[in-house]
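Following: one structure in structure tokens, then a few remarks.
The values are calculated or read from the model by the stated rules, or taken from the named source; none is laboratory data. Values in this document were obtained by computation on a predicted structure and should not be read as measured data. Because the Cβ atoms are built from the backbone with ideal geometry, glycine has one as well, and the counts that use them run over all protein chains shown.
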Amino acid sequence: MITTRQILQRSAIMMIGLFAITSNLSHAAIVDFQGVGTATYGDANQDVGAFTGGCPDVACFQQNGIVVGVTSDPLDIGAHFHRQGTAGDREVQYHPDSTGLYVRMADLSNFSLQSIFLNVTNGASGGNFVLYGYDNALNPGLLTNAVGSPFGGGEANPLDPEAGTVAPIASYVVPNDGVFAETITLAQLTGQDADWANIGAFWLTFQNFNHSPTVSYALGSYPDWDIRIDDINLGPGAPVPVPAAVYLFGTGLVGLAGLVRRRTKRGV
């Protein structure tokens, strides 16, 4: 006969298992780019090919379980970001020969973007950069200039990620005004989109210019922007709420245990 203790133990085990399935666990980590190479070419948004350094075919930069690379441009495998800063205080640089910076966890777990330092004072001003947050760690369908139609006469760019095949769940605009140089915090991000507290990846790109012009670009000339990135802090993703059915299931098991206990006392 199954005892009351056994029923309660099995109930607890099942509840813990269900909670683990329905919760989102991650860990805190930081990228300060110490040890980064002169240039990084890896396409961090896709999983095609043999992985080297956390990216397919060409290595991304990895630090503390975080993968940093660029976004794949089918017509320009040369898209990359550069090393900047000093040997004792590294940072990276993104300018128009890149598709931006794509960041995710190596184990593909979700996270919260706790903070990131951005500095636009080194390049020509004009336009905006945008941080886009995504549900999934891998998003091979992100649009670049290699797909779709070119810019028009001032209308919304159909190649912008928010009009693409992989829709972001959160966004945050950073002005390319020549003076922005600050740390963006989770409080600022979630003040605009609560989903920043639980994302699978994020992409930093220049608004309406989310591609590399090295081989193919839509404008006759392109803005000479230059953004420096440093100290990317990631924290645990917000827990996924446990469905009410799980609690009801656990309550039912506890009630069953009580019923068995009463019947045991009565000798049934």
Checklist entry - Only one of (1) at pLDDT below 95; (2) buried (at least 17 other Cβ atoms within 10 Å of the Cβ) fails for Gly252. Which number is that? => result (2)
Checklist entry - Hey, Gly123 hits all of (1) at pLDDT 80 or above; (2) within 20 Å of Ala44 (Cα to Cα); (3) assigned to a loop (DSSP other than H, G, I, E, B) but one; which does it fall short on? => result (2)
Checklist entry - Which residues, counting only those in region 40-50, are of a type in the set (Gly, Ala, Ser) and at pLDDT below 90? => result Gly49, Ala50
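I need the full set of residues from region 51-95 which are of a type in the set (Asp, Glu) and either surrounded by fewer than 17 Cβ atoms within 10 Å (Cβ to Cβ) or at pLDDT below 90 (or both), in order please.
Correct list: Asp57, Asp73, Asp76, Asp89.
One line per residue, one yes/no per condition, for (1) modelled with pLDDT of 95 or more; (2) touching a helix residue (DSSP H, G or I) at 6+ places or on another chain (Cβ under 8 Å); (3) not assigned by TED's automatic domain parsing to the domain that holds Asn110:
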site	(1), (2), (3)
Leu138	no, no, no
Phe151	no, no, no
Asn157	no, yes, no
Thr165	no, no, no
Ala181	yes, no, no
Ile184	yes, no, no
